[in-house]
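For reference, the structure discussed in these notes is given below.
Where a number appears in this text, it was derived from the coordinates with a stated rule and is not lab data. Remember, predicted model here, so these are calculated numbers, not experimental data. FYI the Cβ positions are ideal-geometry reconstructions off the backbone, even for glycines, and counts take in every protein chain you see.
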Amino acid sequence: MTYEEQIERLISISKKKPLLPESFVPWDVPVLQSESFLPDELISLHGLPEFDQLTPYQKREVSRHELVQVMYSYAWSESLLCLFLNRYILSLKTRQVEYRFLIRELIEEFRHQEMFAQAIEKLEGTALTPGRLQKIIAKFTVSMLPHDITFMCCLAIEMLADRYGDIVRKSPNIYPVVKKLLDLHGIEEARHILYTKLMLEKYTSKAGFIKRTVYSYTILLNIYFFRSFYVKEQIYQWSGIQNSRSIYKKASRNYKKNFGHSCLEDIIGFVTEIKGFNWATRWAWRVFLKASI
Ligand SMILES: [Fe+2]
Ligand SMILES: [Fe+2]
């Protein structure tokens, strides 16, 4: 299949099989006491002795707040992506296949943002929003950086969301609203990821050592940046856990290790594919993301 044919196929699936969050997600299903929001392996304290000392209520509360953080950070990254894509499509012609695909992607990403916001409300969550510096960095990234770098940033977050969502939705006993929402997101993100990889091939196939190093660091920094939204001291206070400051420090270190182990597989696969691991990057992936490479 040619590049155009592959993208035409993605457009056609998006049009013929649209997944609407309002009908696809069973919003009215109440949450049962036996259901959880996150599998244990994704809870920040998992693996620490403190995890076993949590009451079932505290464990559930931590998982609820941490899932809210994850969903908020995806919705925020999607808003940024939309900002970038709206600017990017101005440079395309309306009959171009990229233009037509990106319009579909924008439609889907707007629906995702609404869906995540609704889910946060359903979970009665309060998202802890990014700080001033994080907002400045994010805005700079989507408005000033070259297109290939920005697409690489988007791809990093989409692959991360995809992997994380896969772990949650394939776990037993997850609250059905969360599971279905992640099913929907997984299906649509798979198309976005495929498109972004295809279009980036134009850049990665002819990239030399320096460009591959830049791409590798772009992905690394994005993952590092977004990982920082997941574990927050406030969550332990909200969940009624004593010594939240010291718990936060331990959990933060612990989560980095767990995250490196559970969430990086697909991303490492992609960076390997584009030959992004070399003497200049490999150490940083090990040190900053605890990647086993
Ligand atoms: Fe999305
Ligand atoms: Fe996406």
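Can you give the relative contact order of the stretch 1-128 as a percent, counting alpha carbon pairs under 8 Å and 6+ residues apart?
Taking the mean separation of contacting Cα pairs over the length of the stretch 1-128, I get 36 percent.
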Enumerate by residue number the trypsin sites (Lys or Arg not before Pro) in the stretch 178-253 meeting two conditions: DSSP loop (anything except H, G, I, E, B), and at most 15 other Cβ atoms within 10 Å of the site's Cβ. Lys206
Any idea what angle helix 56-89 forms with the longest principal axis of the chain, computed on alpha-carbon atoms, 0 to 90 degrees, nearest 10? 20 degrees
Estimated [θ] at 222 nm from DSSP helical runs (n ≥ 4, -39500 (n - 2.57)) normalised by residues in the chain, nearest 500: -23500 deg cm²/dmol
Between the stretch 232-293 and the stretch 158-219, what is the C-alpha centre distance in whole Å? 17 Å
Surpassing 26 Å at the alpha-carbon level, of the pairs Lys202/Lys257; Lys135/Lys232; Lys16/Lys202; Lys206/Lys256; Lys135/Lys256, are Lys202/Lys257; Lys16/Lys202; Lys206/Lys256
Nearest 10 degrees is fine. How inclined is helix 244-262 to the longest principal axis of the chain, computing both from alpha carbons? 40 degrees
In terms of the Cα gyration tensor, with a ≥ b ≥ c the square roots of its eigenvalues, is the stretch 116-186 rounded because a/c is under 1.5, prolate because a/b exceeds b/c, or oblate? oblate
Just want to confirm a number: the relative contact order over the stretch 130-225, from Cα pairs under 8 angstrom separated by 6+ residues, in percent. 39 percent
Using alpha carbons only, what's the Rg to Rh ratio of the stretch 26-149 with Rh from Kirkwood? 1.09
In terms of the charge dipole of the chain, which places +1 on Lys and Arg and -1 on Asp and Glu at the beta carbon, the residue among Ile219, Leu182, Ile157 farthest towards the positive end is Ile219
Report relative contact order for the chain in percent, whole number only (criteria: Cα-Cα under 8 Å, sequence separation at least 6). 27 percent
Write down, largest first, the equivalent ellipsoid semi-axes of the chain in whole Å, where each equals the square root of 5 times an eigenvalue of the alpha-carbon gyration tensor. 32, 24, 16
Pairing the Cα long axis of helix 132-144 with the longest principal axis of the chain, what angle in degrees results, from 0 to 90 and rounded to the nearest 10? 20 degrees
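Summarise the long-distance tail of P(r) for the stretch 137-293 by giving the % of C-alpha pairs beyond 26 Å.
Working: 4162 of 12246 pairs.
When every Cα pair of the stretch 137-293 is considered, 34 percent fall beyond 26 Å.
Quick one: compute a quarter of the convex hull surface over the Cα atoms of the stretch 158-232 and quote it in nm².
Spelled out: convex hull of the Cα atoms, projected over all directions, averaged, 6.2 nm².
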Qualifying trypsin sites (Lys or Arg not before Pro) in the stretch 74-131, DSSP loop, other Cβ atoms within 10 Å at most 16: Lys93, Arg95
From the Cα gyration tensor of the stretch 192-239, with a ≥ b ≥ c the square roots of its eigenvalues, which class applies: rounded if a/c is under 1.5, or else prolate if a/b is larger than b/c, or else oblate? oblate
The aspartates and glutamates whose Cα lies under 17 Å from the Cα of Lys15, excluding any fewer than 8 residues away in the same chain, are Glu4, Glu5, Glu98, Glu105, Glu108, Glu109, Glu188, Glu189
